[in-house]
Structure formats: C-alpha cells, structure tokens
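Participant: Take this structure, written in structure tokens, and hold onto it; I'll ask about it next.
The values are calculated or read from the model by the stated rules, or taken from the named source; none is laboratory data. Given the structure is predicted, the values throughout are model-derived calculations rather than measurements. Counting neighbours? That spans all protein chains shown, and the Cβs are built from the backbone with ideal geometry, glycine included. Please note that ligands, DNA and RNA were not included when accessible areas were found on the heavy atoms of the full protein model with its side chains. Shrake-Rupley method; radii C 1.70, N 1.55, O 1.52, S 1.80 Å.
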Amino acid sequence: MTIRSLQHIALTVPDAATGKQFYTDFGMQARDDGTRVIMRCVGRDQDQVILVEGAKKRLHHICFGARAEAIKDITQRLEQNGHKLIDAPRESPADGIWFTDPDGALVNVREAAPAPWLPAPEWKINNPGHLNRAGRVGHPPRDLPVQPRRLGHTLRFTADLDKQTDFYTRIVGMRLSDRCADIVSFMRSGEGGSDHHVMGFIKSDRPGYHHASFEVANIDEIGVGACRMLDKGYRDGWGFGRHVIGSNFFHYIRDPWGSLVEYFCDIDYIPDGYEWKPKDYPPADSLYAWGPNVPNDFGANFEERV
C-alpha cells in the first residue's frame, strides 16, 4: 500500500511576506498561523504551499496523503531498508510519519485524502467538424479571474535520478509513469487514479527545488495569469507551450528566489487499474512538444550550496 495524494509542499524562504505576495498575485489565498504562511487554492480546503522563514530558500518538506494502513506499510518498508523515522520539525504539526529521502529532503506522510477542488465550467472550442461554441464569443473577459484549483505536482533537482526514483517507487510505493534517459523521471500516486505525475526529478549536480505546478481551468487562464504576473514585474520562466511527457499546456513564472511556478491545464490522467507502460522518451521529447525555445536557465539549479 502506498500514498494516494500530494498534499502540500513547504518552502523555507528568506522573507515569508514576499512569498505571500507572490502567491497571492498568482491567484491563491493566504493566512498566517503565527510561525508560517499557508497558501490555499480558492475553493479547496487543503494547504497547498507552506512558507517558513529561514536564511536560504530551499524545500522545507513535501507532504503526501495516505490511508492509515498504508502508512504502516510504508513505515515497514522504510525500516526494512535502513531508513529511520524522525521527529517532526518544531515548526510543523507532528501528524503522520517523517523521514528523509536519499537526497536528505524531509518527507511527511499523513493520513489524508485530496480535498475536492473548485470545478471549472466546461471549456468549449470550435475546430473543423466540431462547432461546440456556435453562437457564442470565445474570448475571455479582461477581468477574467485566474484562480488555481489545486497543486498538481512538484519537480526537484537530484544528482542521482535512479536512486531517487527507486526510493519513491520501491519504498514509498509511487509508480513510475515515464522518464527520459538520465534527464528526468515522473511518478504518480500508487493508489487510485492519478495525474500522469504528482512528483518528478530532473538531473543536476546537486539536490534542489525546481518548481511547483498548479492547475487552472483552461488555456485562457494560463495566458491571462502569466500576462498578469509579468505585468506585476515578475520574471518570465518559460511558455506558452505544451509538454510531451504528461501532455499538459504550461507557462512558468520565476518566483522571487529564482525557482519556477507553473500554470497548467489538460494533463494526462491514468485511471486506477489501467495498464500504463512507462516509456523512456528520447532527449528531444524531455521538455516540450512545441513552444518558445527553452531558456538557458530553465534547468539551472539556483539552490545555494550548503
């Protein structure tokens, strides 16, 4: 038994107020609990990003949800493979189990299921032979609200793609969806249907945090959201485009510390019990099917060396 959801990511940042403003501008809702800033998606009763103040920007921890019996199984596999449980950090609730992965990243698995998210209206388009929007204009209003529905996935840097992929599949129990040589690997939850990936790793010379990705209603919200972030002075990351692995449309924005935050929609979904065979894609397909040229710094690891 294994995890069934990605619950949240937590980031240590030098200035939580700056992070709060960034994610609020991105379309999320914030609250302070005295020691942390907690960001949620509109209409979703689930913490999605937690900001903790610290000297340097880094991943503080990643949290997954699982059934109680699955947590026991994960604990057993951890202990059988020489991984010890540890105490929760003082600034985080002690729910569930806590441990570190091979890169030293802190992981929390707690009893939880993904909360329902705010549904979006069906997005209809006209294309040859399919007039799905006859008699209605298609352009969005200028004041279109852009509100991410949920945290979909996160991507991290690692120096050892195989070791991290093995740990999260064999011990934590996630499933490998696809990979690309020694460049990138993508994993989904191990229980129930799942997005193509909820977590992935990209090769670097050291560990680090690359991006978090948030689902919006449609392509218009990706475009409008990205343009508004750029108008507010945030730095462009990369987009608009479409990935090969996962198929989702995307636009990335740089956060105040150089990491990326992604608007996405239309990701591949793998139903429970479906016989999905992981594919090893060629390097040309590792990042996109179409879009602007990949920026030189897209794969740059801005995590400061410790």
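Participant: Rounded to a whole number, what is D in µm²/s for the chain from Stokes-Einstein with the Kirkwood radius over alpha-carbon pairs (37 °C, 0.692 mPa s)? Please report the intermediate quantities before stating the final value.
Facilitator: Working: Rh = 19.9 Å.
Stokes-Einstein gives a translational diffusion coefficient of 165 µm²/s.
Participant: Follow-up question, since we're still on this one. Just from the alpha-carbon atoms, what are the Rg and Dmax of the stretch 159-253 in angstroms?
Facilitator: 15.2, 44
Participant: Something else about it: Chymotrypsin sites (Phe, Trp or Tyr not before Pro), restricted to the stretch 199-290: which are DSSP loop and have at most 12 other Cβ atoms within 10 Å? Write out the running numbers ahead of the final one.
Facilitator: Working: sites: Phe201, Tyr209, Phe214, Tyr234, Trp238, Phe240, Phe249, Phe250, Tyr252, Trp257, Tyr263, Phe264, Tyr269, Tyr274, Trp276, Tyr288, Trp290; in loops: Tyr234, Trp257, Tyr274, Trp276, Tyr288.
Loop-located and lightly packed - Tyr274.
Participant: Also, quick follow-up: For the chain, what does the accessible surface come to per residue with a 1.4 Å probe? Please give it in Å².
Facilitator: Values: 14000 Å² over 306 residues.
Per residue, the chain has an accessible area of 46 Å².
Participant: Here's another thing I want to ask about it. Can you tell me the orientation of helix 16-26 relative to the chain, as the angle in degrees between its alpha-carbon axis and the longest Cα principal axis, to the nearest 10?
Facilitator: In the chain, helix 16-26 runs at an angle near 40 degrees to the longest axis.
Participant: Roughly how many debye, to the nearest 20, is the charge dipole of the chain about its Cα centre, given +1 on each Lys and Arg Cβ, -1 on each Asp and Glu Cβ, and no other charges?
Facilitator: 300
Participant: Let me see the P(r) profile for the stretch 200-306: every Cα-Cα distance counted, bins of 10 Å, each bin given as a percent of all pairs.
Facilitator: Percent of pairs per bin, in order: 13, 42, 33, 11, 1.
Participant: From the cross-link list Lys20/Lys203; Lys72/Lys277; Lys57/Lys232; Lys163/Lys277; Lys124/Lys163; Lys124/Lys232, which pairs have alpha carbons spaced over 32 Å apart?
Facilitator: Details: Lys20/Lys203 29 Å; Lys72/Lys277 28 Å; Lys57/Lys232 22 Å; Lys163/Lys277 20 Å; Lys124/Lys163 43 Å; Lys124/Lys232 30 Å.
Checking Cα-Cα distances, Lys124/Lys163 exceed 32 Å.
Participant: Among Ala68, Leu144, Ile202, which residue has its Cα furthest toward the positive end of the charge dipole of the chain, with +1 on Lys/Arg Cβ and -1 on Asp/Glu Cβ?
Facilitator: Most positive-ward Cα: Leu144.
Participant: Using the Cα centre of the stretch 108-169 as the reference point, and only Cβ charges (+1 on K/R, -1 on D/E), how large is the resulting charge dipole? Debye, rounded to the nearest 20.
Facilitator: Working: 9 positive and 6 negative charges, 84 e Å.
Charge dipole, the stretch 108-169, about its Cα centre: 400 debye, nearest 20.
Participant: Return the Cα extents of the stretch 31-170 along principal axes one, two and three, sorted largest first, each rounded to a whole Å.
Facilitator: Over the stretch 31-170, Cα extents along the principal axes are 63, 39, 32 Å.
Participant: Roll a 1.4 angstrom probe over the protein heavy atoms and tell me the percent of accessible area of the chain that is carbon or sulfur. Mind dumping the intermediate values first?
Facilitator: Values: 6950 of 14000 Å².
Roughly 50 percent of what the probe reaches on the chain is carbon or sulfur.
Participant: Next question. Taking the Cα centre of the stretch 186-298 as the origin and placing charges on Cβ (Lys, Arg +1; Asp, Glu -1), which of Phe249, Pro292, Pro271 is farthest toward the positive end of the dipole?
Facilitator: Toward the positive end, the furthest listed residue is Pro292.
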